[in-house]
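Okay, so here's the structure we're looking at.
The values are calculated or read from the model by the stated rules, or taken from the named source; none is laboratory data. It should be emphasised that the depicted structure is a prediction, and the values quoted were computed from it without experimental measurement. Here Cβ is always computed from backbone atoms with ideal geometry, including for glycine, and neighbour counts include all displayed protein chains.
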Amino acid sequence: MSSHHAYANLIDDRPQDGVFRINRRIYNDPAVLEAEYERIFERTWLFLCHDSQIPNLGDFIATWMGRQPVIVVRNGDGEIGCFINSCGHRGALLVTRRTGNVSTFDCPYHGFCFDTKGKCVSARNRQSGWKDDFDIARFNLRGVAKVASYRGFVFGSLTEDVADLETFLAGTARLIDLFVEPAPAELEIVPGFCTYISNCNWKLMHENGPDAYHAPVVHRNFAETIANREARDGLQGMAKTERGRLTARIESGSYEVGNGHTIFWHERIDPSVYPIYEHREELSKRFWPAQLEWIIGRGRHITVFPNLLLNDLASSHLRTYRPLGVNRMETTIWCIAPKGEPPAERAARLRKFEDFFLPSGMSTPDDIALCEEAHIASFGKHAGWFELTRGDAFRSDGPDDAAKAIGMEPLASTTSWDHELTLQGVYRQWRRMMQAGG
Ligand code: FES
Ligand SMILES: [Fe+2]
């Protein structure tokens, strides 16, 4: 498959006929992945890291933009820069550790050195290899086209041709505000992370995040185990895990926000088990009641297409991911929390993070298994298409009342978190970008 029209044909979007279908070839055709690298990952903003991961001058984190290795660094002026992680001399991987602090990046191959702005400051044994007037600036590192930060979340783009970051984030920016503003200080990534590999196409996992429909089925083991544990141990207060979202009928909603990003929320049946509840009095002085309802009374979940997930459900969780091949992907997760959080609140947050989101916990292994099995099933050609239409009858254009309360302007709203409206938005954006051609 080579033409961009061929990729567009993998999404059958006919709202007038009530049809929204995806061809499963999008998961298993190597040509699709090759085009995704070029047309999606190399042409839009990608999440890189959180500010708090590189607080000091010279702090760096090595990560990926699609298939390209990059270094994100806080340079000598305190600004955040991003370079392709490839030495300016003969292209060795310059940084082989995941994080660290440097005054210069020293290449492990022939020993060239680069400052934190990417400038080549030393070519080893220069005098015995080049003339005196030879300019080593030709070895400088290649910076990525754009780096920008929204409220501590750092993004980069490999092309100049992107909207400003806040415009790109669309309605998800309002939800990021709701993560950041209630905290007494800034947010921080809680030390530690987990990286795991899944044997499935990256889009299956990307879909799994905004898909609340699966939760009561796939995570019933989690809900039942929590219920048994809490009955036995007599846990109280924040130590308890609210499982009503998985076992009861609750108020909820979801939005198509544009640019392939997704948002859903759900009512918290027992808000008192979340750390933020301890701060309700102080928060009530800073926020309107409708905003407080979002902050204290609702679990919130966003994805930013194509590589960020941020949520406050069982715990607060940040996730990024990248394809490794058409049938393999890597996910990295962190717990994100207010800086200086009291120990009891931090402990409650972390225990629930481990329970639900870690691959050694009680939920993520089930999600991984489901996604890996869906990948296997994607080869079943006689069942080549699947539908994403759940909730179409409950869709309304523009914001609902909940969205209006926080100044969010989605393209469309629905009345439940388990509708598939959000996923339609993901694949409309996928098609738009794949159609843009190469
Ligand atoms: S490849 Fe880095 S110094 Fe030669
Ligand atoms: Fe899940």
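Run down Tyr196, Tyr213 and say which single residue is within 16 Å of ligand 2 (Cβ to nearest atom) and assigned to a strand (DSSP E or B). Step through it out loud before you land on a result.
On the way: Tyr213 fails: assigned to a strand (DSSP E or B).
None of the other options fit; the residue is Tyr196.
For the condition of a type in the set (D, E, K, R), under 23 Å from Arg174 (Cα atoms) and either in the same structural domain as Gly425 (by TED's automatic domain parsing) or modelled with pLDDT under 95 (or both), what is the one hit in Arg351, Arg346, Arg328, Arg286?
Numbers: Arg351 fails: under 23 Å from Arg174 (Cα atoms); Arg346 fails: under 23 Å from Arg174 (Cα atoms); Arg328 fails: under 23 Å from Arg174 (Cα atoms).
The unique qualifying residue is Arg286.
Among the residues of the stretch 331-356 satisfying the criterion of being assigned to a helix (DSSP H, G or I) and either touching a Lys or Arg at 6+ places or on another chain (Cβ under 6 Å) or of a type in the set (D, E, K, R) (or both), which is nearest to Gly66 (Cα to Cα)? Let's see the steps before the verdict.
Our first condition is that a residue be assigned to a helix (DSSP H, G or I); within the stretch 331-356, this holds for 343-356.
Retained after the next criterion (residues that are either touching a Lys or Arg at 6+ places or on another chain (Cβ under 6 Å) or of a type in the set (D, E, K, R) (or both)): 345-346, 349, 351-352, 354-355.
Numbers: Glu345: 35, Arg346: 33, Arg349: 31, Arg351: 31, Lys352: 30, Glu354: 27, Asp355: 29 Å.
Applying the filter and picking the extreme gives Glu354.
What residue, among those in the stretch 98-116 that are away from ligand 1 (no atom under 16 Å from the Cβ) and under 12 Å from Ile71 (Cβ atoms), is surrounded by the fewest Cβ atoms within 10 Å (Cβ to Cβ)?
First, the residues of the stretch 98-116 that are away from ligand 1 (no atom under 16 Å from the Cβ): 98-101, 103, 116.
Now narrow it down to the ones that are under 12 Å from Ile71 (Cβ atoms): 98-100, 116.
Details: Arg98: 12, Thr99: 15, Gly100: 16, Thr116: 23.
The extreme case among them is Arg98.
Going through the stretch 329-376 one residue at a time, which ones are touching a residue at least 60 places away in the same chain (Cβ under 8 Å) and closer than 21 Å to Arg24 by Cβ?
Selection gives Met329, Asp367, Ile368, Leu370, Cys371, Glu372, Ala374, His375.
Taking Ile22 as meeting all but one of (1) more than 23 Å from Ile333 (Cα to Cα); (2) without any contact (Cβ under 8 Å) to a residue 24 or more places away in the chain, write down the number of the exception.
So the condition that Ile22 fails would be (2).
In the stretch 82-94, is there at least one residue being out of contact with any strand residue (DSSP E or B) (no Cβ under 8 Å at 6 or more places or on another chain) and basic (Lys, Arg)?
Yes, the stretch 82-94 contains at least one residue that is out of contact with any strand residue (DSSP E or B) (no Cβ under 8 Å at 6 or more places or on another chain) and basic (Lys, Arg).
Restricting to the stretch 347-359, give me the number of residues that are within 15 Å of ligand 2 (Cβ to nearest atom) and either over 20 Å from the mean Cα position of the chain (by Cα) or under 19 Å from Pro323 (Cβ atoms) (or both).
1
Inside the stretch 379-388, can you point out the residues that are over 24 Å from the mean Cα position of the chain (by Cα) and either surrounded by 12 or more Cβ atoms within 10 Å (Cβ to Cβ) or assigned to a loop (DSSP other than H, G, I, E, B) (or both)? Lay out the reasoning, then the answer.
Start the filter on the stretch 379-388 by keeping residues that are over 24 Å from the mean Cα position of the chain (by Cα), which leaves 379-387.
Hits for the stretch 379-388 are Phe379, Gly380, Gly384, Trp385, Phe386, Glu387.
If we scan the stretch 134-152, do we find a residue that is free of Cβ contacts under 8 Å to residues at least 12 places away in the same chain and within 12 Å of ligand 1 (Cβ to nearest atom)? Give the derivation first.
If we filter the stretch 134-152 for residues that are free of Cβ contacts under 8 Å to residues at least 12 places away in the same chain, which is where we start, we get 134-135.
Among the residues that remain, those that are also within 12 Å of ligand 1 (Cβ to nearest atom) are: none.
Checking the stretch 134-152: not a single residue is free of Cβ contacts under 8 Å to residues at least 12 places away in the same chain and within 12 Å of ligand 1 (Cβ to nearest atom).
Checking Leu178 against (1) in contact with a helix residue (DSSP H, G or I) (Cβ under 6 Å, 6 or more places away or on another chain); (2) part of a loop (DSSP other than H, G, I, E, B): exactly one of these is not met. Which one?
Evaluating Leu178 over (1) in contact with a helix residue (DSSP H, G or I) (Cβ under 6 Å, 6 or more places away or on another chain); (2) part of a loop (DSSP other than H, G, I, E, B) leaves (2) as the failure.
Report every pair of residues separated by at least 6 positions or lying on different chains whose Cβ atoms are under 6 Å apart, first residue within the stretch 108-119 and without any contact (Cβ under 8 Å) to a residue 60 or more places away in the chain, second away from ligand 2 (no atom under 16 Å from the Cβ) and of a type in the set (Gly, Ala, Ser).
Tyr109/Ala92; Phe112/Ala123; Cys113/Ser122; Thr116/Gly58; Thr116/Gly76; Gly118/Gly143
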